[in-house]
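Below: the structure, in structure tokens.
The values are calculated or read from the model by the stated rules, or taken from the named source; none is laboratory data. Quantities reported herein were computed from a predicted structural model and do not represent experimental measurements. When we count neighbours, we look across all protein chains shown, and the Cβ atoms used for this are built from the backbone with ideal geometry, even at glycine. Areas reflect the complete protein model, heavy atoms only, side chains present, ligands, DNA and RNA absent. Shrake-Rupley method; radii C 1.70, N 1.55, O 1.52, S 1.80 Å.
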Amino acid sequence: MAVQDIVIAGGGLAGATAAKTLRAEGFTGRVTVVGAEHHHPYLRPPLSKEYLLGKAAEDAVPVVPEGWYAENDVGLLLGVRVTALRPKERTVELADGSTLAYGSLLLATGATPRHLPLPGSDLAGVSTFRTLDDSRRLRSRLADGGKKVVMVGSGWIGMELAAAAAAYGNSVTLLGLEDIPLAGAIGPELGLFFRGLHEANGVSFRLPASAKEITGKDGAASGLITDTGELLPADIVIIAVGVVPDTALAGAAGLALDNGILTDSSLRTSEPGIYAAGDVANALHPFTGRHHRSEHWSNALNGGKVAAKAMLGQDAMLSTIPYFYTDQFDVSMEYSGFPTLAAGTEPVIRGSLEAKEFIAFWQRDSRVVAGMSVNWPRKTQPGAQKTIKALISARTPVPAERLADHSAGLDQLLPEPA
């Protein structure tokens, strides 16, 4: 083993971005990416949006072109799992019994869908949603329309999948444990906005409600019984009730865990030479001084870059403001900020919910901590997300009335340069 050998356990966006960054930064040592799936590393957001809706081809999904790995001398082991980690020996064991030695190791093992132990969950037509193969199968079943779809889960993925299913002309019923969908993420007012959007497009809700049993006929799903005893006819049942960080490797090796793998702001774990990035990492954020675990693509993208630079001895920190987006029906939304800081606060609205064109600002102690733009007119008032991130970073109090004042330009919200 050369001291500079780097192994990346995980073939997703964080792992592929780390490999790309290592080469971009001039690293010439051996880099090996180990991915459990048989696909080249790909982007997950399109799976529940553009790709699922047939608006993006499969060539839009890979993180980098498939030929990039060979061209840049990056080893890529697909369909292979890392089964054991030995920090003292600085080796990892693979499912085929072989071992890889490393000087630095990146754990980018991601997360796995949370399963519900329901009677009938093994019937044909019942699935969770996480992978490219999941999206392929679901698209082929939804595309012709006319199906009865029951969605279990009222989070972002559940709402996106419900929107896609309805857009194909299927009958969709959505169950969730909240009284209002997405209320835990963005509060009741904006949760009701998204519920109204879905209902206007034919989606029915059962809230709060949970699944008790999936019924079947001839080995395939035929319905779902809720905890209230209601039988919902179903050709397709999708369970989207969140994910669990895949910490098995790290836990077995004795790394510090807490809602993921604990890291510092440079994504170093409790073991020397081992880093973690993406969905699995619960990283210390320098802005809040707290640990945050994010399951959004921007965290994987930026985390891969930071981990790679940190492994090369650079002074790199994961200090970017968290960001994600969603597309549902005719609504395009972008969100920047810290949901944990925004929780329990009332949003300040600039624009009109009725017109489906607005920005929501969340404040704590009069300082903006998060912001969400919906169908904001980029041509006439550009830079909504840039402004939101700048307001968060500035930590400067801004009167709520000023945030809501549509007559003032977004640039006028920012503090004067020192």
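Data table
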{"quantity": "Accessible surface of Thr263 - all protein chains present, 1.4 Å probe, nearest 10 Å²", "calculated": "10"}
{"quantity": "Asp122, Asp327, Asp96, ranked by accessible area, largest first (probe 1.4 Å)", "calculated": "Asp122, Asp96, Asp327"}
{"quantity": "Theoretical FRET efficiency, 1/(1+(r/R0)^6), r = Cβ-Cβ of Ala84 and Leu414, R0 41 Å, to 0.05", "calculated": "0.20"}
{"quantity": "Theoretical gain in end-to-end length, Ser407 to Ala200 [0.36 nm per residue, Cα-Cα removed]", "calculated": "71.5 nm"}
{"quantity": "222 nm mean residue ellipticity, helices alone, for the chain (DSSP H n ≥ 4; -39,500 (n - 2.57); rounded to 500)", "calculated": "-6500 deg cm²/dmol"}
{"quantity": "Dipole magnitude of the chain, debye to nearest 20 (Cβ charges: Lys/Arg +1, Asp/Glu -1, about Cα centre)", "calculated": "400"}
{"quantity": "Near-label residues of segment 33-48 by backbone N, under 17 Å of a point 7 Å along Cα→Cβ of Ser140", "calculated": "38-39"}
{"quantity": "Those lysines that a straight Cα-Cα span of less than 20 Å connects to Lys305, excepting residues fewer than 8 apart in one chain", "calculated": "Lys20, Lys389"}
{"quantity": "Mean Cβ count within 10 Å, highest first, over the residues of peptides 140-151, 345-356, 303-314", "calculated": "303-314, 140-151, 345-356"}
{"quantity": "Exposure ranking of Tyr168, Tyr42 by accessible area [1.4 Å probe, largest first]", "calculated": "Tyr168, Tyr42"}
{"quantity": "Surrounding net charge for Leu257, when Lys and Arg each add one and Asp and Glu each subtract one, Cβ distance under 15 Å", "calculated": "-3"}
{"quantity": "Fraction of antiparallel bridges per DSSP, segment 11-104 only, in percent to nearest 5", "calculated": "60"}
{"quantity": "Fraction of accessible area attributable to carbon and sulfur, segment 214-348 (%, probe 1.4 Å)", "calculated": "51"}
{"quantity": "Segment Ser270-Arg290, extension gain: residue separation times 0.36 nm, minus the distance between their alpha carbons", "calculated": "5.6 nm"}
{"quantity": "Mean accessible surface per residue for segment 265-394, computed with a 1.4 Å probe while every protein chain stays in place, in Å²", "calculated": "41"}
{"quantity": "Qualifying lysines (Cα of each under 30 Å from Cα of Lys147; at least 8 residues distant if same chain)", "calculated": "Lys49, Lys55, Lys212, Lys217, Lys356"}
{"quantity": "Fraction of accessible area attributable to carbon and sulfur, segment 72-162 (%, probe 1.4 Å)", "calculated": "49"}
{"quantity": "At R0 = 30 Å, FRET efficiency that the Cβ-Cβ distance of Leu177 and Asn375 yields, to 0.05", "calculated": "0.60"}
{"quantity": "List His115, His296, His285, ordered by accessible area with a 1.4 Å probe, largest first", "calculated": "His115, His296, His285"}
{"quantity": "For peptides 54-60, 11-17, 31-37, sequence by mean Cβ density within 10 Å, most packed first", "calculated": "11-17, 31-37, 54-60"}
{"quantity": "Of all DSSP beta bridges in segment 224-298, antiparallel share, percent nearest 5", "calculated": "70"}
{"quantity": "Rough spin-label spacing in nm, given labels placed 7 Å along Cα→Cβ, for Asp258 and Ala400", "calculated": "3.2"}
{"quantity": "Label point distance in nm, Lys217-Thr28, each placed 7 Å from Cα along Cα→Cβ", "calculated": "6.8"}
{"quantity": "Accessible surface, segment 102-192, averaged per residue in Å² (probe 1.4 Å)", "calculated": "38"}
{"quantity": "FRET efficiency, Ala95 to His39 (Cβ-Cβ, R0 22 Å, nearest 0.05)", "calculated": "0.80"}
{"quantity": "Label selected from (i) 64, 49, 37; (ii) 70, 61, 36; (iii) 68, 46, 42, the criterion being Cα extents along the principal axes in Å as computed here", "calculated": "(ii)"}
{"quantity": "Heavy atoms of Tyr275 accessible to a 1.4 Å probe, total area in Å² rounded to 10", "calculated": "20"}
